[in-house]
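Data block below; observations after.
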Amino acid sequence: MSLDHRLSPEHEELRRTVEEFAHDVVAPKIGDFYERHEFPYEIVREMGRMGLFGLPFPEEYGGMGGDYLALGLVLEELARVDSSVAITLEAGVSLGAMPIHRFGTEEQKRTWLPKLCSGEMLGAFGLTEPDGGSDAGATRTTARLDEATNEWVINGTKCFITNSGTDITGLVTVTAVTGRTDGGKPLISSIIVPSGTPGFTVAAPYSKVGWNASDTRELSFSDVRVPAANLLGEQGRGYAQFLRILDEGRVAISALATGLAQGCVDESVAYARTRQAFGRPIGANQAIQFKIADMEMRAHTARVAWRDAASRLVHGEPFKKQAALAKLYSSEIAVTNAREATQIHGGYGFMNEYPVARMWRDSKILEIGEGTSEVQRMLIARELGFTE
Ligand SMILES: Cc1cc2nc3c(=O)[nH]c(=O)nc-3n(C[C@H](O)[C@H](O)[C@H](O)COP(=O)(O)OP(=O)(O)OC[C@H]3O[C@@H](n4cnc5c(N)ncnc54)[C@H](O)[C@@H]3O)c2cc1C
């Protein structure tokens, strides 16, 4: 059991640096990007310059040599202020670059990681399809090896893919059926598809409830040809690979959800101190104080949960159940805190110019992305020994 309660001086310095960046650089600008449904290139560039996209990767590939705890701390601080920026980093690191770091050949790492680590290029991960996300084993996209040209020929559609259509998106790793077992079960593999490959079409951005300054698109593949060497990891191991990637990603999403929940506390404390009703600040009422105390309790507990999962991951211990627990708890309390923060803001909480309105809209997806709450409960139940 490893649960690190205290941050090292390096982790604390990183956390404080990003806290200041979120407050000074992200907060004043992000509302306008969000309203215009525009990707915040200038903020992402700055995050790249700070080394945030390379945080958990080795220095020899342009990374910062940090770990998953460092990534979680950064995501939490960003999401305290804004979730679009946080999810752009989360998806870029956990879904875009991490599969290449974990499963790539030396050549794939040297080709892609330096640009992904610097933030000049974003990577995406295409798992979900229009006919199913939770049941990822039901992948319909196919990749056939053309032995004459030594190329994969990919056909299919992926939906809801983060970071897949920005001006700086360089690749998407897609899962595809590349064969069948003797029993007829699909063998799924992961393949790197560079942006701009003929036959690879990126749709216009979705109109979303939240995360409006983040890029989410549908992708289609029509006889898309990429070199056989673009296979990521072993053929037929794609399913196991993305389960590992999703386990790690859940720790990151949990940190992000904790940040949103804490941001709701920050905004509510500030508002309750200044908003007057019945001749005194609304925060003078114990009913409001208790609401905020409960919000703080939930954010704190979520933080303990994600740091526990991250600590296990960093120390090479089993962390699957802890990641699912943390993701489930933190995403559900993020929604609760966002609802309460909006309530404390009264009518202003329903106005988009207030950060809590953005947090309210951004909270719901946390119970859906990288495994729904139902999927987390299934994983936890399985870890407890239930097999059906
Ligand atoms: C903004 C956004 C960004 C995203 N980014 C990415 C990305 O970058 N890459 C990517 O691959 N995907 C991405 N996704 C997809 C996301 O991971 C899926 O939407 C999610 O996994 C759920 O899949 P689904 O939408 O197909 O829902 P479904 O799987 O169809 O589920 C529908 C409902 O049924 C429930 N359900 C399903 N099976 C069971 C069961 N056995 N028992 C009980 N309940 C069940 C689910 O929990 C859910 O409530 C993104 C989605 C959004 C909205």
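Looking at the P(r) of region 240-383, how many percent of alpha-carbon pairs lie beyond 27 Å?
When all Cα pairs of region 240-383 are counted, 28 percent exceed 27 Å.
What nm distance separates the two modelled labels at residue 59 and residue 270, each placed 7 Å from Cα along Cα→Cβ?
Modelled inter-label distance: 3.7 nm.
Tell me, in nm to one decimal, what length is gained between residue 10 and residue 149 on full extension, where the rule is 0.36 nm per residue of separation less the Cα-Cα distance?
Numbers: separation 139, 0.36 × 139 = 50.04 nm, distance 4.97 nm.
Using 0.36 nm per residue and subtracting the Cα-Cα distance, I get 45.1 nm.
Taking the Cβ-Cβ separation of residue 187 and residue 343 as r and a Förster radius of 45 Å, what is the calculated FRET efficiency to the nearest 0.05?
0.35
List nothing, just return the count: lysine pairs in the chain, 8 or more apart or interchain, with Cα separation under 23 Å.
Number of lysine pairs found: 12.
Take every Cα-Cα distance within region 87-237, group them into 5 Å bins from 0 onward, and report for each bin the whole-number percent of pairs it holds.
Taking every Cα pair in region 87-237, the percentages come to 2, 10, 20, 23, 22, 14, 6, 2, 1, 0.
What percent of all Cα-Cα pairs in region 345-386 falls into each 10 Å bin, going from 0 up to the bin containing the maximum distance?
For region 345-386, the binned pair fractions read 27, 29, 21, 16, 6 percent.
In a Debye calculation with equal point scatterers on the alpha-carbon sites of region 261-331 and no solvent, what is log10 I(q)/I(0) at q = 0.11, 0.18, 0.19 Å⁻¹?
-0.39, -0.70, -0.74
Probe radius 1.4 Å, ligands and nucleic acids ignored: give me the carbon and sulfur share of the accessible area of the chain as a rounded percent.
52 percent
Put one equal scatterer on each alpha carbon of region 136-221, apply the Debye formula with no solvent term, and list log10 I(q)/I(0) at q = 0.10, 0.13, 0.16 1/Å to two decimals.
Here the Debye-derived log intensity ratios amount to -0.29, -0.47, -0.67.
Restricting to the chain, what percent of DSSP beta bridges are antiparallel, rounded to 5?
85 percent
What fraction of the Cα pairs in region 9-122, stated in percent, has a spacing above 20 angstrom?
37 percent
How many Å³ per residue does the convex hull of the Cα positions in the chain occupy?
Enclosed volume per residue, from the Cα hull, is 142 Å³.
Could you bin all the Cα-Cα distances of region 186-323 into 5 Å bins starting at 0 and give me the percent of pairs in each, rounded to whole numbers?
Histogram of Cα-Cα distances, whole percents per bin: 2, 8, 10, 11, 12, 13, 12, 10, 7, 5, 4, 3, 2, 1, 0.
Quick one: check the C-alpha center-to-center distance for region 38-65 versus region 110-143, whole angstrom.
Taking the Cα centre of region 110-143 as reference, the centre of region 38-65 is 19 Å away.
If I stretch the segment between residue 353 and residue 381 completely, what's the gain in nm (0.36 nm per residue apart, minus their alpha carbon distance), one decimal?
Working: separation 28, 0.36 × 28 = 10.08 nm, distance 4.11 nm.
The span from residue 353 to residue 381 would gain 6.0 nm if fully extended.
Sort out for me the Cα centre separation of region 213-270 from region 294-313, rounded to whole Å.
Going from one Cα centre to the other spans 20 Å.
So for the pair residue 294, residue 45, with labels modelled 7 Å out along Cα→Cβ, what separation do we get in nm?
4.6 nm
Based solely on C-alpha atoms, express the radius of gyration and the Dmax of region 45-108 in angstrom.
In order Rg, Dmax, the Cα atoms of region 45-108 give 11.7, 38 Å.
The values are calculated or read from the model by the stated rules, or taken from the named source; none is laboratory data. The model shown is predicted, which means the values in this text are computed figures rather than measured ones. Note that we place each Cβ from the backbone using ideal geometry, even for glycine, and neighbour counts take in every protein chain shown. Accessible surface is based on the protein model in full, side chains and every heavy atom, while ligands, DNA and RNA are left aside. Shrake-Rupley method; radii C 1.70, N 1.55, O 1.52, S 1.80 Å.
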